[in-house]
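Note sheet for the following structure.
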Amino acid sequence: MKKEKSCGAIVYRYNGTATEVLLIKNKNGEHWAFPKGHIEVGETEHETALREVREETGYNICIEGRFRVSA
């Protein structure tokens, strides 16, 4: 069985009264998800998360707090 690993981020902002969370719609329109994608050769998980958010949303983000890796 082939093992694949994806990295991404939960992007949010506080608008003064509520917290808004960014979701992207699958290109086939089948579901909504957080921006994420596969690690490219030579890339760290952190770099992958930043790149995938930028590619899929156009936003340059800063990852704050703990950077946690799930197995």
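Just a few scattered comments:
- Enumeration of residues in segment 21-30 that are open to solvent by less than 90 Å² (accessible area, probe 1.4 Å) and either basic (Lys, Arg) or assigned to a loop (DSSP other than H, G, I, E, B) (or both): LEU22, LEU23, ASN26, GLY29
- Test: residue in segment 6-20 that is open to solvent by 90 Å² or more (accessible area, probe 1.4 Å), part of a loop (DSSP other than H, G, I, E, B) and touching a residue at least 24 places away in the same chain (Cβ under 8 Å): yes
- Failed condition for THR44, given (1) surrounded by 11 or more Cβ atoms within 10 Å (Cβ to Cβ); (2) free of Cβ contacts under 8 Å to residues at least 12 places away in the same chain; (3) touching a His at 6+ places or on another chain (Cβ under 9 Å): (3)
- Condition met for ARG51 (assigned to a strand (DSSP E or B) and either surrounded by 13 or more Cβ atoms within 10 Å (Cβ to Cβ) or of a type in the set (D, E, K, R) (or both)): no
The values are calculated or read from the model by the stated rules, or taken from the named source; none is laboratory data. It should be emphasised that the depicted structure is a prediction, and the values quoted were computed from it without experimental measurement. Using ideal geometry, Cβ is built from the backbone for each residue, glycine included, and neighbour counts are taken over all protein chains shown. Side chains are part of the model used for accessible areas, which takes the heavy atoms of the whole protein and leaves out ligands, DNA and RNA. Shrake-Rupley method; radii C 1.70, N 1.55, O 1.52, S 1.80 Å.
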